[in-house]
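S.K.: Here it is, the structure, as structure tokens.
The values are calculated or read from the model by the stated rules, or taken from the named source; none is laboratory data. All values reported here derive from a predicted model rather than from experimental measurement. In this analysis, Cβ positions are derived from the backbone assuming ideal geometry, glycine residues included, and neighbour counts consider all displayed protein chains.
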Amino acid sequence: MAQRCGMRWNVWLRDAQIENGYLPVVTPHIGNIKLYETSGHYPYYKDSQYTPIDVDDEQFLLKPMNCPHHIMIYKSEQHSYRDLPLRFCRVRYGLSL
């Protein structure tokens, strides 16, 4: 029963977001630390985040926030001021909200 309610909630939420002009996007749960340093999030929040993960001489972080990833999505295409505002919403899976 709870799963069915959660699924209905997710469908309703997705439909409401699309109806209000939001574009559902999926971003990775891990990102290169350089992305968070460039955005200014890592220096500011580093004391409250998990320790970076070292992989092949590069450092990665569990995604602490969506902003840097959504900025990369925005920068992937050229936009006119007429396109603004662009609204991205993270696609949610399962019962986690």
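S.K.: Could you pull out the residue among PRO64, PRO85 that is part of a loop (DSSP other than H, G, I, E, B), exposed (fewer than 15 other Cβ atoms within 10 Å of the Cβ) and of a type outside the set (A, V, I, L, M)?
M.R.: That would be PRO85, the only listed residue that is part of a loop (DSSP other than H, G, I, E, B), exposed (fewer than 15 other Cβ atoms within 10 Å of the Cβ) and of a type outside the set (A, V, I, L, M).
S.K.: Among all residue pairs at least 6 apart or on different chains, which show Cβ distances below 6 Å where the first residue, located in segment 41-54, is surrounded by 16 or more Cβ atoms within 10 Å (Cβ to Cβ) and the second is aromatic (Phe, Trp, Tyr)?
M.R.: TYR42/TYR36
S.K.: Please go through (1) of a type in the set (Ser, Thr, Tyr); (2) under 29 Å from VAL11 (Cα atoms); (3) in contact with a Phe, Trp or Tyr (Cβ under 9 Å, 6 or more places away or on another chain) for SER76 and return the number of the only condition it doesn't satisfy.
M.R.: It fails just one condition, (3).
S.K.: Name the pairs: first residue in segment 1-22 and surrounded by 10 or more Cβ atoms within 10 Å (Cβ to Cβ), second residue modelled with pLDDT under 85 and among the charged types (D, E, K, R), Cβ to Cβ under 9 Å, at least 6 apart or on different chains?
M.R.: These pairs meet every condition: ASN10/ARG92; LEU13/ARG92; ARG14/ARG92.
S.K.: For GLY31, are the conditions met, namely being touching a residue at least 60 places away in the same chain (Cβ under 8 Å) and within 18 Å of the chain's Cα centre (by Cα)?
M.R.: no
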